[in-house]
Ligand SMILES: [Zn+2]
C-alpha cells in the first residue's frame, strides 16, 4: 500500500473517516489517501495517524481486521465483515512506503497552485459576466457638494 497526498476535489469541509483509527474528521484542501499497490483507493488517513507513522497505521488496520473477523456472518450486511476484514488485513500486511518529505512539500505546492488557478478562473468568469451584463442598472450615488468653506 502507499500513501498519497491529493487535492480534495470535493467541496470542503466535509466529513471523512480515517481507515486506520475510524475517527471522523473534517476534510480540508488536501486529502491523505491510502491506496493499494495497484493504485486503487483504500481509504482516507487522518493527520494524527499519519504522524504516528507506518507501524501505527498497520497496527490499526490489523486490529480492525481482527475485530471484523470476530463478527458473525449472519448479519447480512454488504460487503460482509469477513470480506472487509480480508481487505484490511491484506492492506495491513503489504509493505507501506511513506513518501519522502519533499514529496509532501511538492504536493502541497501543487495543490496550492491548482487552487490559485481556480481562483483566477472564478475571477475571470465573474469579470466576463459583469462586462456582458451591461444592461443591468447601475446605481450612482450623487454626492453633495461640500458646504465647508462656502459660507465664509
Ligand atoms: Zn486516524
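Tabulated data for the structure shown
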item	result
Residue 123-residue 41 FRET efficiency (beta carbon distance; Förster radius 25 Å; 0.05 resolution)	0.15
Residue 7-residue 73 FRET efficiency (beta carbon distance; Förster radius 41 Å; 0.05 resolution)	0.55
Stretchable slack from residue 14 to residue 83, in nm (0.36 nm times residue separation minus alpha-carbon distance)	22.1 nm
Ascending count of other beta-carbon atoms within 10 Å, so fewest first, for 62, 83	83, 62
Share of pairwise Cα separations in the stretch 2-99, more than 18 Å, in percent	47 percent
Gain upon complete extension [residue 108, residue 94; 0.36 nm per residue less C-alpha separation]	2.4 nm
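Read the figures in this text as sums done on the coordinates, not as results from a lab. Please read all numbers here as calculations on a predicted model, not as lab measurements. Every residue, glycine as well, gets a Cβ built from its backbone with ideal geometry; the counts of neighbours run over all protein chains shown.
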